[in-house]
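Have a look at the structure below, then the notes.
The values are calculated or read from the model by the stated rules, or taken from the named source; none is laboratory data. Keep in mind that what you see is a predicted model, and the values were worked out from it rather than measured. Heads up, the Cβs are rebuilt from the backbone with ideal geometry, glycines too, and the neighbour counts pull from every protein chain shown. Quick note on the areas: whole protein, heavy atoms, side chains included, nothing else; ligands and nucleic acids left out. Shrake-Rupley method; radii C 1.70, N 1.55, O 1.52, S 1.80 Å.
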Amino acid sequence: MTTQQKKKRIWNFSAGPATMPPDVLEQLGDDLLDLDETGVGILEHSHRQPTFDRVLGDAIESCRKLGEIPNDYEILFVPGGATVQFSLIALNLIPDGATADYPDTEVWSAKAIIEARDAVPTATIAVPFEGKKFRYDHVPVDGEMTPTPGAAYMHYCSNNTVHGTRFHLPPKAAPGTPLVCDASSEIFGRPLDWNKHALVYASAQKNFGVAGMSVVIAHREVLRDPVRRLPSMFSYAAHLGAGSRINTPPTFAIHTAGLMFRWMTKQGGVREMERRNDAKAALIYAEIDGSQGFYRGLSRLECRSPINVSFRLKTEALDQTFAQEATNAELDGLIGHRDAGGIRASMYNAMPIEASRALAQFMRDFAQRHG
Ligand SMILES: Cc1ncc(COP(=O)(O)O)c(C=O)c1O
């Protein structure tokens with residue numbers, strides 16, 4: 001009997017933790033009791049024994065294969081969500097007295113700015129684009145941003161989970177300034193040009209599994225050379241030197257990530273994920289655009305995210321009614337982030353197109369009933 005037969009599942013549009021493929025959940029269920037026919041479950045295996053060596057090795061290898069990650073880039077699994085990386089990046093990469101550029105495109109990049117300032121008060125965190133002035137309705141277009149010459153790096157959030165905007169191309173930093181990317185809500189949802197980036201990171205809780213862990217993918221030289229001495233858990237060099245096992249690592253999250261990477265590869269890989277994500281988003285944007293203003297998107301057309309589709313109805317009360325009726329119709333997790341309000345449909349890699357079809361149909365029916 002499969003998980004879906006045993007348990008009722010509904011469409012979950014949550015922004016994260018987010019929906020997972022039933023196949024992977026089934027495998028995890030089996031592995032909780034007995035991993036690799038050892039008679040010991042994944043939660044119970046020592047992180048220093050050969051079975052976990054296998055799990056960690058597979059997770060790294062399957063991540064590299066899925067993302068087509070070059071060999072001079074290292075893959076780290078680091079405890080804590082992307083919020084932890086907000087501080088670690090600054091601590092490891094900005095020297096005292098230097099400047100790093102942080103275009104502010106939304107809630108998450110704004111939080112990254114605050115954390116970087118707290119982490120390295122001796123550095124300058126410059127904000128070459130202030131999206132708040134535009135209610136975060138777009139990411140900077142050419143000429144809208146003045147990068148700092150000689151900045152240690154430019155940090156940007158490639159897909160803005162709350163307002164539903166996306167950089168279709170990486171931003172233009174000053175010549176010679178490396179890019180650092182928060183790809184939490186879209187990693188492995190489209191191909192990424194690794195060579196343009198010094199470091200890319202993502203929280204696991206959206207596209208590859210369990211909350212409370214991040215993947216950090218960075219050029220070896222960037223990880224090896226921290227700009228200051230740091231306690232081991234804060235140091236990328238220490239994580240690299242210990243092979244993501246400074247202490248007891250989040251073993252279940254790493255195993256889940258490995259299964260998710262393999263699942264995505266089996267589905268056809270990153271390009272297929274992108275094709276599916278575009279198709280899912282197109283269904284929802286078609287409802288917004290065809291609704292004669294009943295639904296209003298939060299993002300400008302040219303930088304719409306295919307992953308997080310954010311929109312509003314005429315009043316907050318109607319937003320609430322929409323979300324409640326949707327839940328009653330087994331379409332859950334649609335209420336927008338507290339900072340943006342409205343409605344948000346998050347459709348990560350594991351979300352099947354049937355869910356988007358069901359939501360599109362619901363949106364049409366709702367507009368007819370309430371329009
Ligand atoms: C783009 C982005 N960055 C960072 C975070 C923070 O992740 P975490 O809560 O795992 O620290 C989120 C969470 O949703 C996010 O969407």
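Of the listed requirements (1) crowded, with 23+ Cβ neighbours inside 10 Å; (2) within 15 Å of the ligand (Cβ to nearest atom), V107 misses just one: (1). Here N159 qualifies as surrounded by 21 or more Cβ atoms within 10 Å (Cβ to Cβ), in contact (Cβ under 8 Å) with a residue 12 or more places away in the chain and in contact with a strand residue (DSSP E or B) (Cβ under 8 Å, 6 or more places away or on another chain). Identify, please: which residue in the range 232-273 is among the small types (G, A, S) and not in a helix (DSSP H, G or I) and is, among those, surrounded by the most Cβ atoms within 10 Å (Cβ to Cβ)? By that ranking, first place goes to S244.
Restricted to the range 1-80, the set of helices (runs of 4 or more DSSP H) holding at least 1 residues that are in contact with a Phe, Trp or Tyr (Cβ under 7 Å, 6 or more places away or on another chain) comprises 22-33, 50-67.
For (1) at pLDDT 95 or above; (2) surrounded by fewer than 22 Cβ atoms within 10 Å (Cβ to Cβ); (3) in the same structural domain as E61 (by TED's automatic domain parsing), each residue gets a yes or a no:
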position: D142; (1), (2), (3): no, yes, yes
position: P170; (1), (2), (3): yes, yes, yes
position: K196; (1), (2), (3): yes, yes, yes
position: Y201; (1), (2), (3): yes, no, yes
position: I217; (1), (2), (3): yes, no, yes
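Just to verify a result, which residue in the range 65-101, among those that are closer than 16 Å to H219 by Cα and open to solvent by 50 Å² or more (accessible area, probe 1.4 Å), is nearest to the ligand (Cβ to nearest atom)? Going through the qualifying residues, I end up with E68. Scan the range 168-188 for residues that are assigned to a loop (DSSP other than H, G, I, E, B) and within 12 Å of the ligand (Cβ to nearest atom) and the total you get is 5.
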